[in-house]
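One structure is given below, encoded as structure tokens.
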Amino acid sequence: MHQHQQSPLPPSYTPNATATTALPKDHSKTTLYIILATSFFSLLFILSLPSTSSSSQSLITTGRDPVLFPNRPISRTEIPSGPTSPSIAYLISGSAGDSARILRLLFASYHPRNHYLLHLDLSAPQTERDRLAVTVQSVPIFRAAQNVDVIGKSDYAYPRGSSTISSTLHGASILLRLSSNWDWFISLNAGDYPLVTQDDLLHILSYLPKDLNFVNHTSYIGWKESKRLKPIIVDTGLYLLEKHEIFYATQKRELPNAFRLFSGSSFAILTRSFLEFCILGTDNLPRTLLMYFANMPYSFTNYFPTVLCNSDQFKSTVINNNLQYVAFNKSLSTKPHLVSSEEFDAMIQSAAAFATQFQFDDPVLDRIDQEILKRNPGKVVPGGWCLDEPGNGTCSVWGDADILRPGPGAKRLEKCIVELLSDDRYRSHQCLDE
């Protein structure tokens, strides 16, 4: 296991944002332009910094366990029995005291074909980060597959600022460097949990085009115009190594006329090609929007939907569903609440692949492990690559990682995807013009 020394880039999961203060009313527009320009170039500088230490290169040169990844000679006469299994890159983030939650989420979402990057922000002490890396290194399957890494140096990110965008993009850039064969990117925080096994998810994704992006989005602005789109903030998580306040300016910005704004949620399933489009700088659109959102509150929920729906290359790839279950308060439909055991049936019937807002070690997580994932405490989810006796649940005997054994979760997810891709619903819900 290798710890990657990351440049000062904020992570995508933080504690509650701190109190806000207003800038003096006599600040001129020139000051605002300086703030906007400084924020933009700081984002670009952060994303351009080296992501990993030299020790990470050993992941590329050291061979993985041949039992899990056997060498298959290419045969021109062999008839393929099914589609090639895809691979998912996961960024799993947490804050101080979240090591146990991150590990549980890692075990629950683990598959040897995938790639995992674990991220504890700067509110967590370095000793906790080191313990997390040592624990990961002690798990035999992680060592054999060489697909779990821990970021050694992190920074702050504020959910209300743009530092969360830079943190997510930076995590994705590390995963792009670590592996050249993953197809989709998913960013999870310590409060998330899967509702299907990875065999279920990979099986369904193997039958889909690898250019589909699952992103909740809408062009309806409504109340967000005055509360989230016009205010100007200074996100200190982009510049400082210590936790400071987010500042609100007294001036407001005008809405753009060069592109349309879209809002969504903080969770999405994004393709590798789209992440490369955002990170490698082959087009001006991602950089332009990065500059626009650099000083906007809650910009992380707006950035990816806006880039996707304003890009001629990617707007036809958007599915208006992120496959995540969120429990909303009935009185406040825009504010999610913690998932409880009473919502277990509704959560499973939603056919979502993930759910969010779980408390630490909530009993509903144990029920998901037992009834849905068939996972024993402290163990990974059994899959087709696991050759132990049925019901053993230890996966101490390994087989080919390309073998998938989907279960009931795949049938639920298949039904959901078929409905989403039906012609009338797919097109009518894509990059809405409301």
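The values are calculated or read from the model by the stated rules, or taken from the named source; none is laboratory data. From a predicted model like this one, the values you see are computed outputs, not experimental measurements. Here the Cβ is made from the backbone with ideal geometry for all residues, glycine too, and neighbour counts use every protein chain on show.
Here are a few things to note about the model shown:
- Residue count for region 92-129 under the criterion of being in contact (Cβ under 8 Å) with a residue 40 or more places away in the chain, more than 24 Å from residue 403 (Cα to Cα) and not basic (Lys, Arg): the result is 13.
- Only a single criterion out of (1) at pLDDT below 95; (2) within 17 Å of residue 319 (Cα to Cα); (3) of a type in the set (A, V, I, L, M); (4) surrounded by 14 or more Cβ atoms within 10 Å (Cβ to Cβ) is not satisfied by residue 421, namely (4).
- In the condition set (1) under 22 Å from residue 201 (Cα atoms); (2) touching a helix residue (DSSP H, G or I) at 6+ places or on another chain (Cβ under 7 Å); (3) not small (Gly, Ala, Ser), residue 368 is compliant with all but (2).
- Strands (runs of 3 or more DSSP E) lying entirely in region 211-303 (those with 2 or more residues that are of a type in the set (Val, Ile, Thr) and more than 16 Å from the chain's Cα centre (by Cα)): 231-234, 246-252
- A residue that is out of contact with any strand residue (DSSP E or B) (no Cβ under 8 Å at 6 or more places or on another chain), at pLDDT 95 or above and closer than 21 Å to residue 420 by Cβ cannot be found anywhere in region 312-327.
- Applying the condition of being touching a strand residue (DSSP E or B) at 6+ places or on another chain (Cβ under 8 Å) and surrounded by fewer than 24 Cβ atoms within 10 Å (Cβ to Cβ) to region 182-191 and asking which residue is modelled with the lowest pLDDT yields 190.
- Boolean, residue 91 is under 16 Å from the mean Cα position of the chain (by Cα) and surrounded by 23 or more Cβ atoms within 10 Å (Cβ to Cβ): yes
- In region 250-273, residue farthest from residue 185 (Cα to Cα) [restricted to those that are surrounded by fewer than 20 Cβ atoms within 10 Å (Cβ to Cβ) and among the aliphatic types (A, V, I, L, M)]: 255
- Residue within region 286-303 that is under 25 Å from residue 182 (Cα atoms), modelled with pLDDT of 95 or more and of a type in the set (Val, Ile, Thr) present: no
- Region 141-189, residues that are closer than 26 Å to residue 70 by Cβ, among the hydroxyl-bearing types (Ser, Thr, Tyr) and touching a His at 6+ places or on another chain (Cβ under 8 Å): 179
- Near pairs, Cβ below 8 angstrom, 6+ apart or cross-chain, from region 260-279 (farther than 21 Å from residue 194 by Cα) to any residue that is assigned to a loop (DSSP other than H, G, I, E, B) and β-branched (Val, Ile, Thr): 261/221; 263/221; 276/282
- The residue of region 319-331 that is surrounded by the fewest Cβ atoms within 10 Å (Cβ to Cβ), among those that are touching a residue at least 60 places away in the same chain (Cβ under 8 Å) and not polar (S, T, N, Q), is 326.
- Scanning region 370-388 for residues that are buried (at least 21 other Cβ atoms within 10 Å of the Cβ) and either basic (Lys, Arg) or closer than 19 Å to residue 94 by Cβ (or both) yields 375, 380.
- Flag for residue 265 being among the small types (Gly, Ala, Ser) and either closer than 27 Å to residue 154 by Cα or in contact with a Lys or Arg (Cβ under 6 Å, 6 or more places away or on another chain) (or both): yes
- Applying the set (1) surrounded by fewer than 19 Cβ atoms within 10 Å (Cβ to Cβ); (2) within 19 Å of residue 183 (Cα to Cα); (3) in contact with a strand residue (DSSP E or B) (Cβ under 7 Å, 6 or more places away or on another chain) to residue 83 leaves exactly one unmet item: (3).
- Scope region 274-318; condition of a type in the set (A, V, I, L, M), in contact with a His (Cβ under 9 Å, 6 or more places away or on another chain) and buried (at least 22 other Cβ atoms within 10 Å of the Cβ); matching residues: 308, 318
- Boolean, residue 162 is over 13 Å from residue 93 (Cβ atoms), touching a Gly at 6+ places or on another chain (Cβ under 9 Å) and among the small types (Gly, Ala, Ser): yes
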